[in-house]
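Comments concern the structure below.
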Amino acid sequence: MNVMIVVTHLLGTGHLRRALVLADAFAAVGHRVLLASGGMPLNLPTPDGTRILQLPPLRSDGVNFSRLLDDADQLADDAGLARRQTMLCDAIADFEPDILITELFPFGRRVLSAEFIALLDAAQRRASPPVILSSIRDILAPPSKPSKAERAEELITNYYDAVLVHSDPHGTTLDQSWPISEAVSAKLRYTGYVTQPPPTPHPERIGEGEILVSAGGGNVGTALFETAIAAARLMPGYRWRLLVAGDAERVARLRDLARDSSTIVEPARPDFRNMLAGAAASVSLCGYNTAMDVLQTRAPAVFVPFDDGNEVEQSLRASSLSDLSGIATLQSAELTADALCATVRQVLAAPRREQGSLRFDGAAQSVAIATSMAEART
């Protein structure tokens, strides 16, 4: 089958990474995959059997998701937006997907509604329309007003065959962050968490016994890194390692701040998950992918949820996980070196967390659900 996945990451990298895991799962069982990416290009491995269609890239202006910037840091113009829309509709005609998956929309990316609706209309106009699915994470940004939830429900009713919720309902259910009507509830399909296979310990034992500090793949988390450098000086018995995304200037500035200490500051690494498997503890934001890595490796973890611009998604996720042994949450307003040290010591002293019964086979289950629906249509 032909599978088309459409995703636009605007701030961090989590949406694209999750879409790539899905693409890999579809391609691994022989499907042809086209992944249309509308965010800034990233140097990430492309799964075998997947073709990337890079749209004219966009990013948000910080946490202002209603203001979109292009790759020249200029306000996105009508011509660029029209080009994106044309490329998506042309892809529907040329690739002829049997399955179409939109990542986050219509629960988010409302600023890009015009291109998504044009895409959906083009798909529905085909003689043999594809199965249309929405793909969403465990926690959504709650709608700021009822009309946003009502509009999402309208679009789901009119266009979508199902909504793939990449969560285990034993851990987090969608109604914890989004109002679920009867119509939406009927479309929900819980897949389990979407993540890569569990990592093995680092073959060179890098990161073993260390406090690993990370902030995902976006240019965020500066306050966390600065506080971690100060906290490391208060815990000389542990080596702290900061894995910093962003440009070289950002890394250099943090290295200068950590001068004359044992703290390691280096760019974010592709072997982070292997390092986490042997780490003493993790200190991080609470994005979806990082939370999955912590759960899979059973690493003691301190989550400092990203909450700039009234963002609540990560706080809700951290709250849902904080009852587990060895996991604690420290809000950004409480973030000091002393508080971070105390919280790290707390999770280090906690009993080793059991894996539990949470499902991490969400990618494979998504493939099974989507292909079953497509086969039933033929």
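Bear in mind that the values in this text are calculations on the coordinates, not laboratory data. Because the structure is a prediction, the values reported are computed rather than measured. Note that we place each Cβ from the backbone using ideal geometry, even for glycine, and neighbour counts take in every protein chain shown.
For the chain, adding -39500 (n - 2.57) for each run of n ≥ 4 DSSP H residues and dividing by the number of residues yields -11500 deg cm²/dmol at 222 nm.
In terms of the ratio Rg/(2.2 N^0.38 Å) built on C-alpha atoms, what value belongs to the chain? So the chain has a normalised radius of gyration of 0.99.
Highest mean packing first, where packing is the average number of other Cβ atoms within 10 Å per residue, the peptides 340-351, 103-114 line up as 103-114, 340-351. A DSSP coil position with no more than 12 other Cβ atoms inside 10 Å describes the following GluC sites (Glu not before Pro) in the range 278-357: E354.
Going by how many other Cβ atoms sit within 10 Å of their own, how do Y288, Y190 line up, fewest first?
Numbers: Y288 24, Y190 21.
In increasing order of surrounding Cβ atoms, one gets Y190, Y288.
Applying both filters, DSSP loop and at most 15 other Cβ atoms within 10 Å, to the GluC sites (Glu not before Pro) of the range 115-165 eliminates every site.
In order along the range 149-161, the phi-based Karplus estimate (6.51 cos²θ - 1.76 cosθ + 1.60, θ = phi - 60°) of 3J(HN,Hα) comes to 5, 5, 5, 4, 4, 4, 5, 4, 5, 7, 10, 9, 7 Hz; Gly and Pro are listed as x.
Charge tally around L58: other residues with Cβ under 9 Å, Lys/Arg +1 each, Asp/Glu -1 each, net 0.
Take 222-229, 181-188 and order them by the average number of nearby Cβ atoms within 10 Å per residue, most first; the result is 222-229, 181-188. So what's the net charge close to S135: Lys and Arg +1, Asp and Glu -1, counting the other residues with Cβ under 10 Å from its Cβ? So the surrounding residues net to +1. Each of I139, I369 was scored by other Cβ atoms within 10 Å of its Cβ. Arranged with the fewest first, they read I369, I139.
By the Cα gyration tensor, the range 207-267 has an equivalent ellipsoid whose semi-axes, rounded to whole angstrom, run 18, 12, 10 from largest to smallest.
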